[in-house]
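Written out below as structure tokens is the structure these notes cover.
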Amino acid sequence: MTAHITENPLRQPITPAAPSSEIAQFHLRMPAYSPTLLFDVPDLAGQLGVRRVLVKAETRRMGLPSFKILGASWATYRAICDHLGYEPEPWRNINELAANLAHLKPFKLATATDGNHGRAVAFMARLLGFDCHIFVPRRMVEARIQAIRSEGALVTVVDGSYDDAVARSADEAGPTCIVVSDTSWEGYEDTPARVIEGYATIFNEVDDAIAASGLDRPDIVAIPMGVGAFMAAAVTHYRQPGHQATIVGVEPLDANCVQASVEAGDLAVVPGPHESIMVGLNCGTPSPIAWPRLSAGIDWLVSVDDDSARQAMRDLAAVGIVAGETGAAALAGFTALSADPAWKAAAADAADATVLLLVTEGATDPGSYAEIVGRGHETVGRVIAVR
């Protein structure tokens, strides 16, 4: 197993503006909203040589196998408000919101994706009664394409990388189409910023669960990174007063665009093809709107190979947590970091630390999951009787 580890030379004290309380109230009106589980996992703590490991399992969120709907739903709603020029109130649930927006039809949402964000946008479009067009890179696994199509979306496979799919999706914007991207480009920043805002709900849920259980707040937080939207939300939360955790970002070795940018001292591109099994992280360029928070707020950056992700999937399954290839990245990264001499020297008190790992997806490719873990995801966490 191979890893590349960097202590961030660009790190500096920051206190980003806290997200609005409106976001949590918005999510409460979404269908089947409930906080995802926070696991206390002593076996992983022993394996990693720390006092406590907490795992926030974003494996089932509003019926989807990923956290992405939190950012996609909030960003979609705010973009629609901008399009209308007013708030489509009153509405108490998604059906009432859809009725208030029916006059827009025919109307469409569009985005690029390497899997989960696109499915979340398609899910939101279906709830609102809108059409949806999702652009995916050439090497997208068929199971993930079919999952997006199951939400009623049109899927176009772009002959290129995720970044090529982003460029293609941008062309869809128009009077009857809103592009809901989680990465930004020149002249397109508001919606990606709102995607970041929408993820705040996850970290508020962690705080609530910790407070209810009497546990200590995390000393170390490990987060998977693609274009950096989710990490930007983590930095926003854990750079608030009273939340000064060490932040660790994790990427695939062949798509470590944030790590490469930090090492270069400015935004850098990692050219494709990006072929890691951690497909949700196969991004060659950090989001420009996320970059200022990433560069200043992350403490350590770790890029790992696919074997590390596979082992992390198996380790999580062994403690009853389903995690897909991308979802297991945080554990893979912190496992590599915990063995690094520079980390050991810098974090001499790690043995007394509470570590929070973010598992960002479940088994989004069930066939691949079963092949890697050795059993189906539906059996993980269950006691199987042998007769």
Requested in this report: Write out, first by first residue and then by second, each pair whose Cβ atoms fall under 6 Å of each other, whose residues are 6+ apart or on separate chains, and whose first residue, in the stretch 316-345, is outside the structural domain of Ile220 (by TED's automatic domain parsing) while the second is part of a helix (DSSP H, G or I).
Outcome: none
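Of the residues Ala57, Ala72, Ala112, Ala45, which is within 19 Å of Phe334 (Cβ to Cβ), among the small types (Gly, Ala, Ser) and touching a Phe, Trp or Tyr at 6+ places or on another chain (Cβ under 8 Å)?
Answer to the selection: Ala57.
Looking at this structure, is Trp91 crowded, with 19+ Cβ neighbours inside 10 Å and touching a helix residue (DSSP H, G or I) at 6+ places or on another chain (Cβ under 7 Å)? Working first, answer last.
On the way: crowded, with 19+ Cβ neighbours inside 10 Å: no; touching a helix residue (DSSP H, G or I) at 6+ places or on another chain (Cβ under 7 Å): yes.
So Trp91 does not fit the description; no.
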Report summary line: Out of (1) in contact with a helix residue (DSSP H, G or I) (Cβ under 6 Å, 6 or more places away or on another chain); (2) within 17 Å of Gly327 (Cβ to Cβ); (3) not aliphatic (A, V, I, L, M), the one His237 does not meet is (2)
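What helices (runs of 4 or more DSSP H) lie completely within the stretch 21-133 and have 3 or more residues being touching a Lys or Arg at 6+ places or on another chain (Cβ under 7 Å)?
Working: elements: 22-28, 42-48, 69-84, 94-101, 116-128.
Because the criterion is at least 3 residues that are touching a Lys or Arg at 6+ places or on another chain (Cβ under 7 Å), the helices (runs of 4 or more DSSP H) in the stretch 21-133 that meet it are 69-84, 116-128.
State all residues of the stretch 344-369 that are over 25 Å from the mean Cα position of the chain (by Cα) and crowded, with 19+ Cβ neighbours inside 10 Å; if no residue qualifies, say none.
Hits for the stretch 344-369 are Ala347, Ala350.
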Report task. Filter the stretch 165-203 for residues that are in contact (Cβ under 8 Å) with a residue 40 or more places away in the chain, farther than 30 Å from His237 by Cα and acidic (Asp, Glu) and give the result. Result -> Glu172
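Please go through the stretch 47-86 and give me each residue that is β-branched (Val, Ile, Thr) and over 20 Å from Thr360 (Cα atoms), ordered by number.
Of all residues in the stretch 47-86, those β-branched (Val, Ile, Thr) come to 50, 53, 55, 59, 69, 76, 80.
Within the stretch 47-86, Val50, Thr76, Ile80 qualify.
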Query raised in the report: Residues of the stretch 143-175 being in a strand (DSSP E or B) and out of contact with any Phe, Trp or Tyr (no Cβ under 6 Å at 6 or more places or on another chain), which ones?
Result: Leu154, Val155, Val157, Gly174
Report task. Looking only at the stretch 19-28, decide whether some residue is touching a Gly at 6+ places or on another chain (Cβ under 7 Å) and within 22 Å of Ile289 (Cβ to Cβ). Result -> yes
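I'd like the residue in the stretch 283-339 that is over 23 Å from Leu267 (Cβ atoms) and of a type in the set (Lys, Arg) and, out of all such residues, is surrounded by the most Cβ atoms within 10 Å (Cβ to Cβ).
Quick first cut of the stretch 283-339, residues over 23 Å from Leu267 (Cβ atoms) only: 305-325, 327-328, 330-332, 334-339.
Right, trim to of a type in the set (Lys, Arg) and you get 310, 314.
Details: Arg310: 19, Arg314: 14.
Among residues in the stretch 283-339 that are over 23 Å from Leu267 (Cβ atoms) and of a type in the set (Lys, Arg), the one surrounded by the most Cβ atoms within 10 Å (Cβ to Cβ) is Arg310.
Residue-wise test of (1) outside any loop (DSSP other than H, G, I, E, B); (2) more than 19 Å from the chain's Cα centre (by Cα); (3) under 20 Å from Ile14 (Cβ atoms).
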residue: Ile223; (1), (2), (3): yes, no, yes
residue: Gly242; (1), (2), (3): no, yes, yes
residue: Gly272; (1), (2), (3): no, yes, no
residue: Ser287; (1), (2), (3): no, no, yes
residue: Pro292; (1), (2), (3): yes, no, yes
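The values are calculated or read from the model by the stated rules, or taken from the named source; none is laboratory data. Not measured: the values here are computed from a predicted model. Glycine gets a Cβ as well: all are built from the backbone with ideal geometry, and neighbour counts include every protein chain shown.
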